[in-house]
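Below is one structure, written out as C-alpha cells; the observations come after it.
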Amino acid sequence: MSMLIFSYILAGFLFAFSYYLDSRTEGNTGSFTGMTMVSAFIALLAGLSANLIYTGNLTISLLLFRFSLVCFSILSTFLFRYALSIPYNTSNKFIRLLGWLAVAGAGYMVFTSIKAVGLTQEGFFTISSVPFFGIANGFPLFVTVYLVGIPALTVLILFFRAAGIRSRIFRQRLIFVAVSICSGFAVSYFLFRLSASFPWALPLVPFGLAVMLVLVKQAISVTTLYDRSLATATIINFVIINGAFSALTGLVAAAILTSVSDIRLALVLVVLVTIIMLFLREVVFTRLRKYIRVGVDYEADLEAALDSLDYTSGGQVVIEKAVGLLSQYVECASVDVLVSDDKGKLFTVFSSQGSKNELVLAENKAIDFLLGHSESIVLKTQAVTNHLYTDIKPDLLKIFDLGKADALILLREGHRVVGIMLLGPKKRGSDYTEYDYSVLTKLYSNFFLIMYYLKNIANESVVLTVDREIEFSGQVITSIQDNIDRINHEKVEADFITRSARKLGGDFIDFIKLSDEKYLFVMGDVSGKGLNASMSMIILKSVLRTFLAETKDFKQLAVKANLFIKNNLPKGTFFAGVFGLMDFTSNTLYYLNCGVPAMFLYTASYNNAIEIQGDGKVLGFVKDIGKYLKVKKITLNPQDILLMTTDGLVDATNLRGERFGKDRVQRLLMDNRSYPAGRMAQFICDNLGEFVSRELEDDITVLVIKYLSK
C-alpha cells in the first residue's frame, strides 16, 4: 500500500505539467494540455481506487476504477486525433465525432462488463468482468482495444505520415512523437503485466503516461534536425570501437589473471595491457577520422581557417575565401551577403547565385524582433516550427527567400544591424542540423569580423592601399570613440585620450548612460595587435551593451563578458581593465578591478595620490570568474581625482630601456591636479611622447575623472 503514494505524486506532477503547458504561448499546445490533464486524472483515480480497495470500500473503488478506464479511453482517442492533426494543427469534425463515439463505447463497456475489483488473500488485485456482447470479457477487451489497439494504430499512422511528408523537420517530429508514444505505452503495459506477479506494480501503471507526455513534449519542441551522420558515428565509436577494445581488453585481462599465479605481477600486466589497448584505440580512432566522422566535427577546422583569413588582401578576396570555407565545411550550396547602409537598408555585396537584393529594415518586423530578443542565428526549420517566431514568421521567411536560404546569420552591433549572411540549402539535399546551429553560434565573432570588414569596404571608408589594414583599424577605433555616452553631469568632469601604435590595437573605453544620475564606464586593453585586436575590441563593446540590456547586476555584467571572451573571441584573447559605476546621488564609485595596471585616486583632503586598484583578475582565462571578482566602493568628495591608464603607458620604455612606470604617472597626477580633466590626460600623453622619443610600441589610454562638487 505504501507504493500508492507514487500515484498521488504522479498525479500532482501531471497536474502541474498541464498548468505549465497551458501557460505557454505556443498555439498548438491545447490538445496536448488536454491529454496531460486527462493523464493526471487517470493517475489520481487509479490511486484512489487502489487505496479504497485496501480499506475495504469496494463499491466506490469500483466506480473510481471505471472512471479511470474511461479517462484512459479519452487519452487514447486524443492521441489518435493528435497524430492526425500534427504538425499543422488541423482539425477534422468526423474524426472528432468518431473519437467521442469510441469514448462512449468504452464507457458503456466498463460500466456494463466490469463488475468488481478486490484483493486476493495473497494481496493481488483482482478485476472481475463479464463478456461484452459475447465478444470477450470486458476488461481484457478494453486492454486490447484502448491500451494496445488504438495506440498501435496511432503509431502506425504517425510512421505512414512521416514517410509521406516532404519537410524533414516535420518528418523528424512525427517519428519522435511515434517513438515517444511507443515508449510510454510500453512502460505502462510492462508495469501492468508485472502486476500479475507483483501487486505493488499496478498503481504505477500510469507512470508510463508521464514518460510518454514528457517525451512527446520534447519531440514537438525540437526545431532543428539531428545530425544522423554524427549519431551513426557516435554509435560506431561507442558500440563498435569502444565495445571491441573493451571486450578484447577484458579477454586478455581474464587470461592473464587465470594463467599468472603471482597476483601482483598479474595486476601489473593487466594495467600494461589496458594502457596499450587505450593507445591502440586512439590510433584506430585517428585513422577512422579520415574516412568516417567518428565523434569529430568540422568546427575546429572551420574556426582555424576563418582565423587565418588575410584581411589585407582586399574585400573580394576575403569574401571569396570565406564563402569557399562555408561551402567546404558547412556544405551550403550558396552564400548571399547583405550589408547595411546609412539609410536603413540592406543591400547585396556578394551573391554566389548572382542575385541582387535590397531590404528596408524598417519594413521588416522580423529584424527588429531578432534584435530585441538577441537572436543572431536562425535556421529555416526554426522559422517554420518554433512558436517564438509565430508572429513574425511571414517577414522572417521573406528574408530567407532573398537568398533561397536555409540559414540566416544576423550580424549586429548592439541594436544596429551590420549585415546578414544567408546560407543556401545543403549540397546533398539535407537540412541544417542542431550541430550546424551550434557551430554557427560559436563562430559568430568570426562572421562578425568578416561582415564588419565588408561593410567598411562597401562604404568606401577604407582606402585600399598597401597600408589598408592600418586605415581599417583606425576606422574601427574612431567608430568606437564616436559612439560613447560621455558623462555630462554638473558634479563631475571626465575626459580621456586614446592613442594607437600605428593605429593598430585593442585599447578599449566606453561610457554608457544608465540614467541621469548613473553612468557605467569600461576601460582596458583587449590582448593582441593589429586588425584582430581591433575587431575583438569592437565585438566586446557590442556585446557589453547587449548584456547590459539583459542584466542590471554590475558584477554579473563582468562575469558574462568574461564568459563571452573565453568562448567566442579568438583563443588566447583576454581583457585587462576596469568596470566602473558612477552614482551621483550618493557620490559613490563602484568598481571591479579586472586587471587594470594603474588606477590612482587623488584625495583633496589629504593632498595625496594613492594607488587603489590592488590585485585584479584578467577576463578571458577562466570560465568561472565570479568568485575572483569583488566590487569595491569609493565615496568621492570635491576635487578628488581618479586617473586610470592601460599598460601601454606604464610599460612604455625609452631608448635607454627605462620604463615610464607608475611612479611617474603618480607624480604627473600631483603636478597637474589643478588642470581640467582633458588637459591632465593630454599632459600625461605629451610627457610620454617626450620620454620615449619615438613611435609608440603599444596603445595607450588615459582616463581622468575629476569630482567637482557634492
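Overview of results
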quantity	calculated
Ranked list, fewest to most other Cβ atoms within 10 Å of each Cβ, for ARG667, ARG264, ARG173, ARG281	ARG264, ARG667, ARG281, ARG173
0 to 90° range, to nearest 10: angle between helix 468-482 axis and the chain longest Cα axis	80 degrees
Within the stretch 560-637, chymotrypsin sites (Phe, Trp or Tyr not before Pro) in DSSP loop having at most 12 other beta-carbon neighbours inside 10 Å	TYR606
Distance in nm between pseudo-label sites at ARG659 and GLN218 (7 Å out along the Cβ direction from Cα)	5.5 nm
Within-12-Å neighbourhood charge of ARG673 [Cβ basis; K, R +1; D, E -1]	+1
Gain in span if fully extended, ILE610 to ASN92, counting 0.36 nm per residue against the direct Cα distance	178.6 nm
Dipole of the stretch 4-221, positive end: most advanced residue of THR112, SER85, THR36 [Cβ charges, Cα centre]	SER85
Loop-located chymotrypsin sites (Phe, Trp or Tyr not before Pro) in the stretch 64-103, at most 12 other Cβ atoms within 10 Å (DSSP)	TYR88
Förster-model FRET efficiency, 35 Å R0, TYR19 and GLU517, C-beta, rounded to 0.05	0.25
Footprinting exposure proxy for TYR453, TYR432 (fewest neighbouring C-beta atoms within 10 Å first)	TYR453, TYR432
Dipole magnitude of the chain about its Cα centre (Cβ charges: Lys, Arg +1; Asp, Glu -1), debye to nearest 20	2220 debye
Angle in degrees between helix 30-55 and the longest Cα principal axis of the chain, rounded to the nearest 10	50 degrees
Listed residue (ILE169, PHE198, VAL130) projecting farthest to the positive dipole end of the stretch 4-221, Cβ model	ILE169
Rounded if a/c under 1.5, otherwise prolate or oblate - the stretch 4-221, Cα gyration tensor axes	prolate
Sequence of SER352, SER586 once ranked by neighbouring C-beta atoms within 10 Å, starting from the fewest	SER586, SER352
Simple spin-label estimate for PHE192 and LEU265 in nanometres, 7 Å along Cα-Cβ	6.2 nm
Neighbour cut-off at most 16 other Cβ (10 Å), DSSP loop, trypsin sites (Lys or Arg not before Pro), the stretch 539-596	LYS552, LYS571
For the stretch 6-116, size of Cβ-based charge dipole, Lys and Arg +1, Asp and Glu -1, in debye	260 debye
Farthest positive-ward along the chain dipole, Cα basis, beta-carbon charges - from GLY208, LEU454, ASN562	GLY208
Residue-span extension gain [VAL252 to LYS555] - 0.36 nm each, minus C-alpha spacing	103.5 nm
Residue-averaged [θ]222 nm for the chain, counting only DSSP H segments that reach four residues, each worth -39500 (n - 2.57)	-16500 deg cm²/dmol
Per-pair calculated FRET efficiency, R0 = 45 Å: SER167 and LEU119 via Cβ, rounded to 0.05	0.30
Debye, to nearest 20: dipole size of the stretch 4-221, +1 on Lys, Arg Cβ, -1 on Asp, Glu Cβ	740 debye
Angle in degrees between helix 315-325 and the longest Cα principal axis of the chain, rounded to the nearest 10	30 degrees
Cross-link table LYS343/LYS706; LYS321/LYS393; LYS617/LYS662; LYS217/LYS393; LYS356/LYS393; LYS627/LYS710, entries beyond 28 Å C-alpha to C-alpha	LYS343/LYS706; LYS321/LYS393; LYS627/LYS710
Residue range of the chain that is longest and free of GluC sites (Glu not before Pro) which are both DSSP loop and sparsely packed (at most 11 other C-beta within 10 Å)	123-459
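Values in this text are rule-based calculations from the coordinates and carry no lab data. Worth saying up front: this structure is predicted, and the values here are computed from it rather than measured. As a convention, Cβ positions derive from the backbone with ideal geometry for all residues, glycine included, and neighbour counts pool all protein chains shown.
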